[in-house]
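Bear in mind that the values in this text are calculations on the coordinates, not laboratory data. A quick note: this is a predicted structure, and the numbers were derived from the prediction, not measured. Glycine also receives a Cβ, built like all others from the backbone with ideal geometry; neighbour counts cover every protein chain displayed.
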């Protein structure tokens with residue numbers, strides 16, 4: 001019987017996170033203070049994040065130690081297994097070998113707790129009592145709720161309203177872990193009230209929810225804000241995925257030809273891929289692909305500019321691929337991919353041609369997701385189906401070319417609480433969605449070009 | 001850092017199931033044909049089950065080979081990890097060591113696919129085209145849906161109506177795996193129509209749903225019926241859980257003082273415990289405990305009699321603890337434990353005092369479940385919270401006694417799609433329920449005492 005899974009012992013769990021800033025061929029543009037146009041200083045961020053995380057955000061150290069209490073919580077579900085999708089390979093009739101890192105085995109069912117646990121820990125030791133955050137599909141909010149419970153912090157989550165209504169079970173997970181969950185836009189904040197005044201039926205967006213959570217946090221000296229993607233320190237914490245995967249592939253005596261992940265804010269994609277991008281920088285021949293939705297095509301169609309991370313323009317200006325901070329994506333089912341921007345690190349790598357990006361329509365991704373579920377059993381999250389659509393594309397290309405390609409991707413989470421979206425797909429209620437060109441013009445108008453060097 | 005998980009390689013996966021019939025100190029009473037009062041013969045069961053499974057049902061061979069195609073599907077999620085609940089131990093301040101077998105890592109999220117995959121395989125090689133079954137909470141129906149999809153069989157599931165309404169996501173899982181799911185009682189069968197005529201608002205019960213599924217299967221020569229618990233061959237397939245756990249405990253150099261599982265039909269309890277009961281029969285000092293709901297207290301209050309496995313009295317008479325085949329339990333949230341009877345093997349072991357049974361109210365079990373989720377992260381199925389309540393009881397007893405007891409239990413499934421019941425609990429909507437004594441009198445009247453030897 002062919003081996004399907006590769007486990008690592010807890011003793012083999014990486015003890016350090018990997019920081020790609022130490023290896024970039026050209027340095028990244030700094031985040032700018034919107035008022036001064038100068039690079040933000042650590043103290044500018046102090047009302048929002050604890051200083052220990054700000055230091056990580058700005059660090060260029062290649063390796064950063066994972067604190068023992070974080071490792072202890074990681075050990076509840078990490079190292080996660082590496083699986084081979086043997087049954088999908090057979091169903092596709094491909095000579096490709098398909099491997100996936102199963103991040104769905106964590107208690108909230110996704111990769112998100114890798115950074116949630118770390119952030120809760122750093123806030124705790126900094127003396128913070130409460131965290132405020134936003135969530136799209138609910139993966140992040142539930143992960144942070146669990147992490148806060150584990151370290152004895154209070155947690156308040158602003159959940160994008162369309163997801164709050166579509167995914168009641170995510171809210172219930174947060175409550176089970178003791179957190180408070182509020183649909184956004186809400187009346188709790190100035191930012192929320194402003195949106196509601198303009199559009200009482202606003203479905204919400206990650207950008208709006210971020211504004212609400214930041215406003216909430218900065219108004220309470222015992223609270224801080226926590227972000228589940230986009231920022232450097234978040235991507236840093238996620239690199240444990242790729243570091244484990246490298247050990248696991250090594251045990252198999254294999255190295256991937258293609259490494260893949262879906263990309264919303266960029267953290268699960270980066271978590272798996274950054275350690276492989278490091279290899280690529282050092283000469284390894286590996287293709288790294290980010291899969292995103294056609295309805296929110298940040299990397300494939302959004303310009304690379306300075307833009308705010310949130311709708312209310314309270315964050316620093318981040319250098320990123322963006323559809324504009326006021327962009328409200330169509331209410332597609334992969335809520336976690338409905339973010340107007342993209343992690344600066346991921347955006348930078350695309351410009352450096354160290355990674356590539358492809359966009360998939362949700363009809364295509366759910367088709368791939370159902371094919372996956374029927375072959376491999378596990379039901380993927382709608383976000384994850386974007387990576388699967390890209391995997392199917394690669395595997396079929398390998399079949400045409402008759403190549404024994406090795407494909408590795410991040411199975412970022414399960415879809416147990418997203419089954420309503422499968423219902424919509426299976427009953428033919430989903431529609432295709434292509435972003436109109438005018439939206440790109442709009443993005444250009446609402447963002448800032450990079451200053452000439 | 002203390003180790004929390006014990007993995008086994010696929011090469012260490014047991015290659016045989018364990019059949020406790022080979023080791024019982026006294027033989028079990030046979031199932032009886034209700035018309036003749038004689039022990040049922042294999043051919044009596046032929047319209048219901050394929051002959052290869054009937055042979056397994058009646059076998060007294062100690063070890064039964066697991067077919068290679070079944071092992072291949074098992075390998076998608078097995079061997080399952082053994083976890084230590086270190087955070088719960090700390091929260092309880094107990095010197096006890098608490099271990100659990102995490103069966104929630106399977107694609108449908110419970111132990112059920114251990115037998116679903118085996119049954120789908122045996123039906124497939126026997127030439128069957130379609131399986132019909134019933135499901136309570138939906139764990140079994142979703143597991144069989146996946147297994148049928150894997151072996152190319154059609155699948156029709158009669159789901160107890162109260163669960164069908166409470167747990168829409170389970171139905172969606174079945175549909176995602178390509179099965180048809182029908183609320184029971186339904187108009188599709190004589191058995192269903194009869195119940196609906198008496199009570200159009202019947203919440204349904206496992207007994208009723210079983211009657212419908214059997215009637216459906218015997219009416220189609222290309223179809224057979226499949227049962228997710230109770231029968232010998234089902235418990236047999238589940239023993240892979242306990243056999244793996246024994247290897248894992250051995251790796252730790254430990255042997256449990258107490259082994260625990262929740263019990264509805266008895267299969268997850270038996271799956272973990274039977275290999276340990278074997279040790280007990282051979283002199284080992286180990287306490288084996290089945291945890292059940294006070295609202296359906298089959299083992300703790302139901303008489304040990306001959307009774308039908310279903311409401312319409314179409315099955316053989318099974319020697320079991322039972323509340324009567326016409327018993328309709330209160331609509332508690334642990335749908336998988338709402339069965340009027342109990343596996344004959346488990347019932348027999350209780351009579352032989354090789355195991356003991358305890359009943360817990362759902363308020364108690366959800367309290368334990370939330371405590372678990374907040375300490376260990378993973379949210380347990382409502383069924384599983386019964387085992388956890390018993391674990392908490394044992395751990396606190398160990399604390400009082402100052403004993404370093406080793407507790408092992410079966411974490412039979414996750415509660416991702418049962419979050420509505422957590423919501424009911426957290427918002428104070430659940431009530432206590434104690435079965436009135438009259439129900440026991442009723443059970444005695446509707447069942448048959450064992451014939452004098």
Quiz prompt | Using alpha-carbon coordinates, inclination of helix A:240-252 to the longest axis of chain A, degrees | solution = 10 degrees
Self-check item: Calculated label separations, residue A:30, copies of the chain, 7 Å along the beta-carbon direction, nm
Solution: 8.8
Quiz item: Sorted from largest down, what three extents in whole angstroms do the Cα atoms of segment B:147-300 have along their principal axes?
Solution: 55, 38, 29
Quiz item: Can you give me the relative contact order of chain B as a percent, contacts being Cα pairs under 8 Å and 6 or more apart?
Solution: 19 percent
Quiz item: Over what distance in Å are the Cα centres of segment A:380-453 and segment B:222-274 separated?
Solution: 40 Å
Exercise. Please state, as a whole number in µm²/s, the translational diffusion coefficient that the Stokes-Einstein equation yields for segment B:301-445 at 25 °C and 0.890 mPa s, with Rh defined as the Kirkwood radius across alpha carbon pairs.
Key: 145 µm²/s
Quiz item: Using alpha carbons only, how many degrees (0 to 90, rounded to 10) separate the axis of helix B:362-376 from the longest principal axis of chain B?
Solution: 50 degrees
Practice problem: Shielding by partners for A:169-182, please: the mean number of other protein chain Cβ atoms within 10 Å of each residue's Cβ. | Solution: 4
Self-check item: Test item: B:102-110 mean partner chain Cβ contacts at 10 Å
Solution: 3
Quiz prompt | Packing-based ranking, highest mean first, of B:81-87, A:318-324 given that Cβ atoms within 10 Å are counted | solution = A:318-324, B:81-87
Quiz item: Going highest first, how would you order B:32-45, A:126-139, A:56-69 by mean Cβ packing within 10 Å?
Solution: A:126-139, A:56-69, B:32-45
Self-check item: For chain A, alpha-carbon Rg and Dmax in angstrom
Solution: 20.2, 63
Exercise. Compute the label-point distances linking residue A:445 to its equivalents in the other copies; points lie 7 Å from Cα along Cα→Cβ; give nm, one decimal, shortest first.
Key: 8.0
Self-check item: Estimated Rh, the protein assembly as shown: Kirkwood, alpha-carbon pairs, angstrom
Solution: 28.1 Å
Practice problem: Return the average number of partner chain Cβ atoms within 10 angstrom of each residue Cβ along peptide A:143-151. | Solution: 2
Quiz item: Using only helices, what value at 222 nm comes out for chain A when you add -39,500 (n - 2.57) per DSSP H run of length 4 or more and divide by the total residues, to the nearest 500 deg cm²/dmol?
Solution: -12000 deg cm²/dmol
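Kindly identify segment B:275-362 as rounded, prolate or oblate by the Cα gyration tensor criterion: order the square roots of the eigenvalues as a ≥ b ≥ c, call it rounded if a/c is under 1.5, otherwise compare a/b with b/c, prolate if a/b is larger, else oblate.
Note, shape of segment B:275-362 comes out oblate.
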Quiz prompt | On Cα atoms only, tilt of B:206-218 relative to the major axis of chain B in degrees | solution = 50 degrees
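Counting other C-beta atoms within 10 Å, which of A:422, A:306 has the fewest, and how do the rest follow?
If I rank by nearby Cβ atoms, fewest first, I get A:306, A:422.
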Quiz item: What nm distances, shortest first, do you get from the label point of residue A:247 to those in the other copies when the point sits 7 angstrom along Cα to Cβ?
Solution: 2.2
Practice problem: Only bridges with both residues in the protein assembly as shown count here: give the DSSP antiparallel percent, nearest 5. | Solution: 35 percent
